[in-house]
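Heads up, the thing below is written out as structure tokens.
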Amino acid sequence: MKNYSLSKGIRAMAYSFILGVSLLSSSISANNILDYSTVQQQPSKITGTITDGVGPLPGVTIAVKGKSLTAISDYNGEYLIAANPSDVLVFSFMGFKTVEIRISLQKIVNVELKEDATALQEVKINAGYYSVKESERTGSIARITADDIEKQPVTNVLATMQGRMAGVNITQTTGVPGGGFEIQIRGQNSIRTDGNAPLYIIDGVPYSTQNLGNDIISGSILPAPGISPLNSINPSDIESIEILKDADATSIYGSRGANGVVLLTTKKGKLGKTAFSINTYSGTAKVTRTLDLMNTAQYLSMREKAFANDGIIQYPSWAYDVNGTWDKNRYTDWQKELIGGTAYTRSIDAAISGGNNTTQFIIRASNFNQTTVFPGDFAYGKTALHFNINHISDNDKFNVSLSGNYSADKNNILGTDLTLEASQLAPNAPALYDDKGELNWENSTWKNPLRLLESKYLAKTNTLVAGSTIGYNIAPSLEFKTTLGYTNTHLDESKTVPSTIYNPAYGLDSSISSFYTNKSGQQSWNVEPQLSWHESFGFGTIKTLAGATIQESASESLGLNASGFSSNSLITNSAAAANVQVLNNTNGLYRYSAIFGRINYSLNDKYFLNITGRRDGSSRFGPDNRFANFGAVGAAWLFARENLITEKYSCISFGKLRGSYGSTGSDQIGDYQFMNTYISSGGSYQGIVGLEPARLYNPDFSWETNKKLEMALELGLLKDRIFITTAHYRNKSSNQLVGIPLPGTTGFPSIQSNLNATVENTGWEFELRTVNFQKKEFRWSTSLNFSVAKNKLLAFPNLAGSTYASQYVIGEPLDIHLVYHFTGINPETGIYQFEDYNDDGTLTPLEDRQRKVSTNPDYFGGLNNSLSYKNWQLDFLFQFVKQLGFNYNGSGVVPGAGNNQPVSNLNSWQPGQTNGVQLYTAGFNDEAVNAYYSYYSYSDAAFSDASFIRLKNLSLSYTLPQSWLNVASCRLYLQGQNLFTITRFNGADPENQSFGKLPPLRVMTMGIQLNF
Amino acid sequence: MKNIAKRRIVFLIATVIGLIMFISCESFVDIEIPNSQLTAENVFKDRATAQAALVNNYMKMQSNVLVTGNFNGISNLLGNYADELNYYGIDGQREEAFYKNVVLPTNSTISEIWNNTYNLIYASNAIIEGVTVSTGILPNEKGQLIGEALFLRAYLHFYLVNLFGNIPYVTTTDFRLNSTIVKKAPAELYSLIIEDLENAKLLMPDEYPSDERVRPNKSVAKALLARVNLYTENWGAAEAEANSIINNTSLYEWVDDIDKVFLKDSPGTIWQLIPQFSGNNTFEAQSFIFLTGPPPVSGLNNSLIESFEPEDLRRDHWVGTVSDGLDRWYFANKYKENNNTGSSREYSILFRLEEIYLIRAEARTHLGNISGAQEDLNKIRHRAGLSDTPAVTQPELLQAILKERQVELFTELGHRWFDLKRFGVINEVLQTRKTGWNSTDVLWPLPQSELLLNQNLLPQNPGY
């Protein structure tokens, strides 16, 4: 109750904030004198206009050299600052060369700034505990910024990165709003499929992406990995996302760095006059691709043939589709009916930012809403508030910053994804509603798919992420700071299962209706004191950092199942239930502590050496295995700064060779796994609540280690108009922490243990950035990223004798599938045939599943083009993946069965034919059914090309000329996501490759952004 | 001056960092066990918690595992697999593969039954091991807990051997042994089952350990022993165990009213499972009953309906009929309450006196005690409103017993299926009644996932 009102409160607050900013806009546009520097009292006022040679340049910082006084140019490029005649003004702006001008007696100083391509190398990159200049970094860090993020009408931060970063493979698992994404940074390190998540850090605060949902409640609508906690982070609040990939960058995160680190930096307050912005868009979304299914005539001819093949002349009483019970002339496109709707999206966000030399702030509020493509009235909504305050004392010694993100998510959807039924219902299945407008059960001859709309799923998530840094410069070269973080996530989800979802023929009433709820929460805090020191000597510059981490994360959940209601209208009130059962009531505690350090040495701005290390302790291990050490060394050589290059090869504007080697680890195994415990099973018997063994336990497992090696070459040509990065890496994971699968006779499916196996991930990453045109009115730049990632099981002692014998092969990738080899249809019997590897006359899984199929992508990447002409800006991103995927042949529908099938299944066997689909069967031909289910679904025929090229993102915007709106800048835009896909995939969508999960959506929006 | 202050600050900060590091390295990462969990040691320190671990198995059997009345239990599945139920669904429901006798090694219901049953066997073994070494539970309390766990281990293995044929007999919680365990032949399995039951009999009390006969007592172990001896054709032992239960008239009474047999306080009930929620009734009723035709999933097979003699009361009292004017469909109506009734009226019965009489009748027939067998058989028939059995010879009597078992025990825990196998008539009966019947269908396939994880379980059952 408390949380509900809190979330309501935040929503109301956000709305009023947005409204307030909108209202303010009118008064501000009428009164353009909000220039903070007028407040200051200084001897004389200097004004002027800054341009880039084409038009005015807003946002340029104007500083008085040697003083702490600054100003920012407004949207007309104009500025106002107070200075003495002897002062020097410094004009700086990212991407442009800094200009210094002595004032003398001038009162008006107009400046034209020149673009500086090499300035990109000056950008400070966030490396977590420290930041480093792009040109000087020794580690491998990929980055996107708000510029890229704001072009995409998406709700999940992971979606914004798709196709934009080398070595980062992100796939969307479902198109249902609130659903999850899977991310792999440089391949799969852990054999444990759920042990490959990277570490997320938001403004210095570790953010757990553990799904707090209860699979019993959310599983049928939001499949694994479930509710994505990253949905609670509002993409438009993000200033930049950095992904740390190699040992040099990740070792300082020790045990949590094995799968890479994702650093999210939110927007910060900016110096300058108070700025307002409003951004709003709305649009529509539909599923990307559906299956090409049979129509009624095609379907019925298949079915009739199937029964004929089975030798059945008189159709069974239950074959309603062919025996005349259902109208044979009826046709429904169930995909259109059930998942073919249009989802509507709208989003608005508003921000105020500003500040003076010592204090800056930003406050942002946003609201997002999206309906679904399913029938029924369902929607996903998100409201978020973000703020940041920075302060530095007058003497520049003391600084403090505070940021907070609060979001309230509400996902009000149906309980079960309709995609599977949409693809499998017979095309002549009955009408959804009867004459009275009620659900039609057609005398129990079918399960009306809309029964599933009776069951509703509702999830409310409230998330707070707050971080603060307090720093003190003890001496010019010595700084002490402490980072404090707190996160609090609360999830309240529920699902109704009223008696009305069952066929009325069962005669069930509301006394069997059931209501599931789960309330879970997670709170964590962390404290990280750090001391950094840097000094330049004759022999070079040394930067050091030492720090410690303590972190605690507590989680709790309470799941209830209430059943037996006197009326279905009371179903969401557990108090009205005859019986309430506790499904789960758990709590967990995770504690983590570490010390870490960094030493960076540089000589002549050409040679860099970076050493990092960490000692970690984690409560997830038994008392003897708690601590472990990790460390890395990285080096970089900026060879283009050598005289030889600068003198003789001046076309090389930048050149860097870098490399790193080191170790990271992983403790991603869940809490308490080393203990032998019993938990409440949730069920009771004669009033005694049952206890059951929690797991097979192993007290001896310890840290997984991951050794990473990387070499990279970065090359800038022609003033960096062509910039190439090539990286090669080799990561080896050993001492793998896995749930070793066990046969059911042990009572459990697996046991947690270290596996003495080594997995190697190697790969090449290639990035190319070119500025193709750079004229005053027309600019065109292209960036390409391309990744080849290979995965290999290097060693696995006694693999043949282990429970993995049928799953892995040494020298092959982890995602290998050992399957039967499909050799075509038997021309005489019409049944699928497979290779009998050991020639023993029968097909046995262990001996004859010898064909190796890997679904690891061969390569993937993205190609982005960015064009601007006058006030027009066009960006489009193609994402491409070359891979094999799980196709329709493994969907579990036998050719001829009473489920609709793709039109490609019309090519059924004729005597003598060896290709196409096998002879139809209505399920009575044992041999055919067995060939399909036991062999075909587990053969190489169930895998085929799932490569695709997708227009992932398109953004076209037009900025209204300054002359139209004197004070404000206004941008109109069209954006699209997943606009079209080129693929030969035999199935619905090549990205999520699923038959039961909604494909990703194609989103098209239009919007307007105002800044004033 | 300034320098000294600076040094002090540095010193202070260094101390703070040092302290934090000290704390972090030593004890910070020591955590307590959460209050939602209990160490195994503590569970078996106390009788109440040990009991909670034990009854959890019954809860699972009632709601979800193997003998549950739910759709995934053997009453429904073997009903479809044999000739008791007719499948009417069209859209590929769980029952379809069972009804068509095309259950494949990859069938998820098969591996669910296998895994869940072995999970309960693990839990039983954990109780046996935990209670044995416990210091907190009194010796006399130990006997009853271990006895029930031993019984349960035997009971679960009994069904597995009859469903799957050669299987491993698991008697420890050690996963190293259990992950490479080998299969045993039925003869050996039965001797292990009998050994566990004999031990259980010694430990279990005569009285029920709790109200309403929802936890097994010594008679339940005897009832299973009677059944096992019948299945293994130890007629003498089967009769002896049956005698011991039938003669225990202080506990068990014959119910003359056909409508009271399945009520929760029926004195003929030997062991039943209580639903979790007060007022709830059986999953059997929820799974089998339907109000309009055609049935949403399965209805009773016509061959079963035709097996009732014309005046058989069970035909009307235990079978429900639905008609749309043209067609008629039938459902098992032994359990009548499918909704919540405020206070429960019916529990799921696992052993009832009628089966014991039928066991004794069959054993007596084989032992040559024709009149004794007729007497037992007639006891069943009389209550159903039927006259004495006309069977007189041994083969006639066996035939009559098989038929009586069909109409008395239909849709109860796969009795029909096991009987057809035991009597050696399964091929001749099902060949004519089931399209796609194969003689190798007498055993379910071992789950494929299991064979891949433990090669000692090879070979797969014939025909798969």
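Please treat every number below as a calculation from the coordinates, not as lab data. Just so it is clear, the model here is predicted, and its values are computed rather than measured. Reconstructed Cβ throughout: ideal geometry from the backbone, glycine too, with neighbour counts over all protein chains shown.
Worth pointing out:
- Cα-only radius of gyration and Dmax that characterise the range B:201-350, units Å: 18.0, 58
- If R0 is taken as 56 Å, the Cβ-Cβ distance between B:Asn247 and B:Arg328 corresponds to a FRET efficiency of 0.85.
- Simple label model, 7 Å out from Cα along Cβ direction - A:Tyr859 to A:Thr274, nm: 5.4
- Summing charges over neighbours of A:Leu418, with a neighbour being any other residue whose Cβ is under 11 Å away from its Cβ, gives -1 when K and R count +1 and D and E count -1.
- For a label point 7 Å along the Cα-to-beta-carbon line of A:Tyr472, residues of the range A:380-417 with backbone N under 19 Å: A:391-402
- Counting DSSP beta bridges with both ends in chain A, the antiparallel % (nearest 5): 95
- Length gained when the stretch B:Asp257-B:Glu306 is fully extended (0.36 nm per residue, less Cα-Cα span): 15.3 nm
- Kirkwood-Stokes translational diffusion coefficient of the range B:134-224, alpha-carbon pairs, 10 °C, 1.306 mPa s, µm²/s: 113
- For chain B, a simple Cβ point-charge model (Lys and Arg +1, Asp and Glu -1, everything else neutral) yields a dipole of about 1840 debye relative to the Cα centre.
- Given charges at Cβ of Lys, Arg, Asp, Glu: the protein assembly as shown dipole, positive-most of A:Thr770, A:Leu742, B:Leu177: A:Thr770
- For chain A, the longest principal axis of the Cα atoms and the long axis of helix A:296-309 meet at an angle of about 50 degrees.
- With Cα atoms, 0 to 90° folded angle of helix A:2-30 axis to chain A main axis: 50
- Partner chain coverage, peptide A:835-846 - average Cβ within 10 angstrom: 2
- Size of the range A:804-907 from its Cα atoms: along the principal axes, largest to smallest, the extents are 73, 40, 21 Å.
- Averaged over the residues of peptide B:281-288, the number of Cβ atoms from other protein chains lying within 10 Å of each residue's Cβ is 1.
- Principal semi-axes in Å for chain B [√(5λ), Cα gyration tensor, largest first]: 49, 26, 23
- Separation in nanometres of the label points that stand 7 Å from Cα toward Cβ, at A:Lys775 and A:His728: 4.2
- Rounded to the nearest 10 degrees, the inclination of helix B:186-203 to the longest alpha-carbon principal axis of chain B is 70 degrees.
- Per-residue Cβ neighbour counts within 10 Å put A:Glu442, B:Glu362 in the sequence A:Glu442, B:Glu362, beginning with the fewest.
- Förster radius 41 Å - calculated FRET efficiency between B:Asn461 and A:Thr284 (Cβ-Cβ, nearest 0.05): 0.15
- Computed over chain A, Cα set: Rg, Dmax in Å: 31.1, 106
- Extension gain (nm, one decimal) between A:Ser904 and A:Trp764, 0.36 nm per residue minus Cα-Cα: 46.6 nm
- Label point of A:Cys651 set 7 angstrom out along Cα-Cβ; within the range A:683-719, amide nitrogens under 13 Å from it belong to A:716-719.
- Stretching A:Lys870 away from A:Val88 to a fully extended chain increases their span by 278.2 nm, per 0.36 nm per residue minus the current alpha-carbon distance.
- Working value for the range A:425-581: equivalent-ellipsoid semi-axes of 61, 20, 10 Å, each the square root of 5 times a Cα gyration tensor eigenvalue, largest first.
- Label-reachable residues, the range A:931-946, where backbone N falls under 15 Å from a point 7 Å from A:Gln850's Cα toward its Cβ: A:940
- Estimated inter-spin distance, B:Ser343 and A:Phe980, nm [label 7 Å along Cα→Cβ]: 7.2
- Cross-link reach list, lysines versus A:Lys245, counting only Cα pairs under 19 Å and skipping chain neighbours closer than eight places: A:Lys124, A:Lys133, A:Lys656, A:Lys707, A:Lys708, A:Lys732, A:Lys790, A:Lys792
- Since only A:Ala941, A:Gly77, A:Ile191 are under comparison, the one whose Cα sits farthest along the positive direction of the charge dipole of the protein assembly as shown, derived from C-beta charges on Lys, Arg, Asp and Glu, is A:Gly77.
- Each of A:Trp533, A:Val90, A:Asn126 was scored by the projection of its Cα onto the charge dipole of chain A, and the greatest displacement toward the positive side belongs to A:Val90; charges sit on the C-beta of Lys, Arg, Asp and Glu.
- With a Förster radius of 30 Å applied to the C-beta separation of A:Asn568 and A:Glu337, the computed FRET efficiency comes to 0.75.
- Helical mean residue ellipticity (222 nm; -39500 (n - 2.57) per DSSP H run of 4+; nearest 500) of the protein assembly as shown: -6500 deg cm²/dmol
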